[in-house]
Structure formats: structure tokens, C-alpha cells
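First comes the structure, then the notes that go with it.
The values are calculated or read from the model by the stated rules, or taken from the named source; none is laboratory data. Model, not experiment: these values are computed from the prediction. Here the Cβ positions follow ideal geometry from the backbone for every residue, glycine too, while neighbour counts run over all protein chains shown.
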Amino acid sequence: MPSSRRSFLLWLGRSAAVGVAALGGAFTWGFFTHGHGQGTRTRRYLGRRADVLARLHNSREGFWLDSDNSALIVADPGAPTGLRATSLACTHLGCTLRPTAGNRSLECPCHGSSFAFLGPDGQATDLGRMLVGPATRDLDRFAVVAVGDRLFLEA
């Protein structure tokens, strides 16, 4: 322990600098080793396969929204799990999209962007493709992943 006030303050400053450096290093290590900022994927539980398919089958609209209404899920026989999902956030400014009558497109109530929903054949092959701006890109797509009989939305 330092004997003078000056040496105590120097010791305290050095200790604080070492502590800050250690915390910064720990944060940086955690950031890079856990994949933050590197396009990591997260999974949200949708339910058991039979339950999810029953919800879609019993839906008058022909689609189902996930628990926080951020993704639209539709049946697609060509997809590995039989389901396809897309974000409901407009790629222009993030407004929540709404399906049009007949589910032919998803419309942005804020600025009028339009995205493909179900094609004329009732299939979702173009789900989320941008049709009309001001948005400049397609909607983000989510993978529907099966783990046993459980389905997850992977974003």
C-alpha cells in the first residue's frame, strides 16, 4: 500500500486503468467468441409441427402470424418443412405490412410499398418479393427449421 497521497493516487489510477482494460478485453472477447455482430441466427419456437399445420389449415386467411406478429408463415409444399416465412417489417422504414384482399400482396400502410404474397396459383414461391417502392429490396425471409417434431423460426 502506498505511503504518500501522491503515490496512493498513482496506484489508484493504475488500478483503475487495469480494471477498465480487463473489462474492455472481456467484452471484446465475448463479442467475438459468441458471434455478436457476425450475422448470428436466433431461433423462436413456433410449436409442434402438427399444431402449426393445423393452425394454417384452420385459418380462413391461409396464413399464420408468429407470436409477436413480426413474421408471416404460409404453407409451401416445395419448402423442406412445408412452410415458408417472411418478415412483416417493410424494408423502407419498418412499418408493419398488411395483407391485401385475396392475399395477393402485402401492403405498407405508411408509404405504399407492395410485396408479393400468394401468387395466382395460391403458392408462396415469390413471398416477400418487392413489387412497388419506395422500398428498394425484398422482405427478409426466415427459415422454418424442424427439430424433431418441433418447428422454429430462424432469423
How about the range 117-155: which of its residues are surrounded by 19 or more Cβ atoms within 10 Å (Cβ to Cβ), modelled with pLDDT under 85 and over 16 Å from P77 (Cα atoms)? G128
Which residue out of G47, G82, G25 is more than 13 Å from F142 (Cα to Cα), at pLDDT below 80 and not hydroxyl-bearing (S, T, Y)? G25
May I ask you to list the residues in the range 88-104 that are under 16 Å from R137 (Cβ atoms) and touching a strand residue (DSSP E or B) at 6+ places or on another chain (Cβ under 6 Å)? L88, L97
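I'd like to verify a number: residues in the range 82-105 that are within 18 Å of the chain's Cα centre (by Cα) and either surrounded by 19 or more Cβ atoms within 10 Å (Cβ to Cβ) or not aliphatic (A, V, I, L, M) (or both), how many?
First pass over the range 82-105, keeping only residues within 18 Å of the chain's Cα centre (by Cα): 83-98.
Keeping just the survivors that are either surrounded by 19 or more Cβ atoms within 10 Å (Cβ to Cβ) or not aliphatic (A, V, I, L, M) (or both) gives 83-88, 90-92, 94-98.
Matching residues across the range 82-105 total 14.
Within 19 Å of D140 (Cα to Cα), in a strand (DSSP E or B) and not β-branched (V, I, T) - does that describe any residue in the range 52-63?
Within the range 52-63, the first condition is being within 19 Å of D140 (Cα to Cα), and the residues that meet it are 63.
Right, trim to in a strand (DSSP E or B) and you get none.
No: zero hits.
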